[in-house]
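Asks: One structure follows; several queries about it will come next.
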Amino acid sequence: MVDPLQAAYDPETFRREGYAVIDAVAEYLRTALTGGPEGPFHAMDPATLAQRWPGSLSEEPQGDPATLIADLLPYAHHLHHPGYVGHQVAPPLPAAALAEMVTALLNNGMAIYEMGPVNVLCERRVIEFLNGQIGWDASSDGILTHGGSVGNLTALLAARQAKAGHDVWRQGNHESYAFLASAQNHYSVDRAVRLMGWGAGGIEPVEVDEKYRLRPAALSAALGRAQARGRKVLGVIASDCTTSTGSFDPIEPIADFCEQHDLWLHVDGAHGASFLLHPESRATLLQGIQRADSVVWDLHKMMLMPALVTAVLFREGRRSYEAFAQEASYLFDGADPEAQWFNIGQRTLECTKRGLGAPAYTLLRAYGVGFFREYLQRMLALTQTFARMIRESEDFELAIEPQVNIVCFRYRGRGSREQQNALQARLRRTAIESGGFYLVQTQLDGVVWLRTTVIHPLTDAARLEGLLACLRQAARAEGET
Ligand SMILES: *Cc1c(COP(=O)(O)O)cnc(C)c1O
């Protein structure tokens, strides 16, 4: 009789199952990357999918792990299909999955150095690299965390501690506070302020211009409105870029405003900060980012890493200790927390944290930074090509000229705004269900737009031509001209 616990940890069994899983994943990649007619989006409706794995879990084994793992592949959403131009989620580098596997197996949690020494060092090197891209020196610091939403919360907690005027971590909120942010801000910043107990109204929206960028001239009025509501304003959140349209709030004038009013400047660069690696974008769209107090940067968006790995970066490194400035002396021996930078848990929402830095650090080393720069360059060029196709067509229109790799456009349909909005939604459905594409949609000032993120390294102009052709065909099938 085999001991099941012993068998589960048998290295030879792992080797055998590991090869089988790798074979299945390689086959998935081969099929998905060739961009066959099946398309990226394989998901059935939830009820049908529920029938695929009916019933409840049983006492007895249901099959070997390799088979059961491989069985998931056909039903997943295939981001590696080059027709995937949907949300801002990367088709990760295949090698990242290998790094993730090792990281998962080692399970070196990171609250304290002793539990994850290699991961702590890898995280340190990633943070130093990202801070260097911003233009910050060795007095900067930061941490990795699970996603831009937690990242924004972490940065805003530090901002509150720095600007509220008392020790909020100990004493709680003394007043009602607010941050100013573009009317196009990501909903995670509103969640963050509600989590901090500020209720609705913790974000005072600032007017945007015709390209959906925060209008610096509107900051004063927004500050006045928040104050008139009895809120003490602690800072400004610049979205670089916004989620819907990829619009970059202009950092220099916002930084000037923050300096004048002694406000914290947080740059939500979840998507856009990666473009720091692209010199032209650095010099234009992200100009002045080094003046920020904090920056959030998702590596699972434009750095080809699997979700989630987010950097929360602080210009003044010691701010990194103020987000969760509680005494955790049983963990840190009561010492100056900065002297123990390597005990990362004192600065993160997480206690046990996955080794987020190891895959990112090893892949940045393995491919070289130039590889990522080349990727960004190509995505930007392809986006421009796509925008030109739309501009030069008679039946599609752009919402705005894309600033990076997010394109909002729509088919010029007939009828009322409602009818045209509904048409876009139907065209999107048809493209997903039959055309080998995945795209999303967004709403701007009551108008529905098709929304694409050019994020797959192997998407090309022909495929984007194909997307337009597919949408056009669907529109004509409906009697549009
Ligand atoms: C994606 C995004 C977020 C949220 O990040 P997650 O990693 O999905 O939690 C926040 N802000 C902006 C601007 C984003 O684009």
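Asks: Please list, ordered by first then second residue, the pairs with beta carbon atoms under 6 Å, 6 or more apart or interchain, first in region 124-135 and touching a residue at least 24 places away in the same chain (Cβ under 8 Å), second among the aliphatic types (A, V, I, L, M) and assigned to a helix (DSSP H, G or I).
Replies: Correct list of pairs: VAL126/ALA360; GLN133/LEU276; ILE134/ILE289.
Asks: Let me ask something additional. Need at least 3 residues that are in contact with a Phe, Trp or Tyr (Cβ under 8 Å, 6 or more places away or on another chain), modelled with pLDDT of 95 or more and away from the ligand (no atom under 16 Å from the Cβ) per element, so show me which strands (runs of 3 or more DSSP E) inside region 177-279 make the cut, counting only ones lying wholly within it.
Replies: Passing ranges, in order: 232-239.
Asks: Please pick out the residue among ALA200, ALA192, ALA178 that is among the small types (Gly, Ala, Ser) and out of contact with any Leu (no Cβ under 9 Å at 6 or more places or on another chain). Quick ask: steps written out before the conclusion?
Replies: Values: ALA192 fails: out of contact with any Leu (no Cβ under 9 Å at 6 or more places or on another chain); ALA178 fails: out of contact with any Leu (no Cβ under 9 Å at 6 or more places or on another chain).
Step by step, each of ALA200, ALA192, ALA178 is checked, and only ALA200 is among the small types (Gly, Ala, Ser) and out of contact with any Leu (no Cβ under 9 Å at 6 or more places or on another chain).
Asks: Still on this structure, I have one more. Would you confirm whether or not region 146-160 contains a residue that is in contact (Cβ under 8 Å) with a residue 60 or more places away in the chain and away from the ligand (no atom under 16 Å from the Cβ)?
Replies: yes
Asks: Still on this structure, please answer the following. Sort through GLY55, GLY39, GLY63 and tell me the only one that's in a loop (DSSP other than H, G, I, E, B), surrounded by 13 or more Cβ atoms within 10 Å (Cβ to Cβ) and more than 16 Å from the ligand (Cβ to nearest atom). Step through it out loud before you land on a result.
Replies: Working: GLY55 fails: surrounded by 13 or more Cβ atoms within 10 Å (Cβ to Cβ); GLY63 fails: surrounded by 13 or more Cβ atoms within 10 Å (Cβ to Cβ).
Every option except GLY39 fails the conditions.
Asks: Just for region 384-433: of the residues that are outside any helix (DSSP H, G or I) and of a type in the set (Lys, Arg), which one is nearest to SER247 (Cα to Cα)?
Replies: For region 384-433, the residue satisfying everything is ARG410.
Asks: Need at least 2 residues that are loosely packed, with under 15 Cβ neighbours inside 10 Å per element, so show me which helices (runs of 4 or more DSSP H) inside region 283-382 make the cut, counting only ones lying wholly within it. Before you say what the answer is, go through the steps one by one.
Replies: Working: elements: 299-302, 329-332, 357-367.
It comes to 329-332, 357-367.
Asks: Here's a check for you: in region 463-481, which residue that is among the aliphatic types (A, V, I, L, M) and within 27 Å of the chain's Cα centre (by Cα) is farthest from HIS300 (Cα to Cα)?
Replies: This residue is LEU468.
Asks: Now a separate question. Among the listed residues VAL120, VAL102, identify the single one that is farther than 30 Å from ARG429 by Cβ, of a type outside the set (Gly, Ala, Ser), surrounded by fewer than 21 Cβ atoms within 10 Å (Cβ to Cβ) and in contact (Cβ under 8 Å) with a residue 60 or more places away in the chain.
Replies: It is VAL102.
The values are calculated or read from the model by the stated rules, or taken from the named source; none is laboratory data. This is a predicted model, so every value here is computed, not measured. All Cβ positions, even for glycine, are placed from backbone atoms using ideal geometry, and neighbour counts span all protein chains on display.
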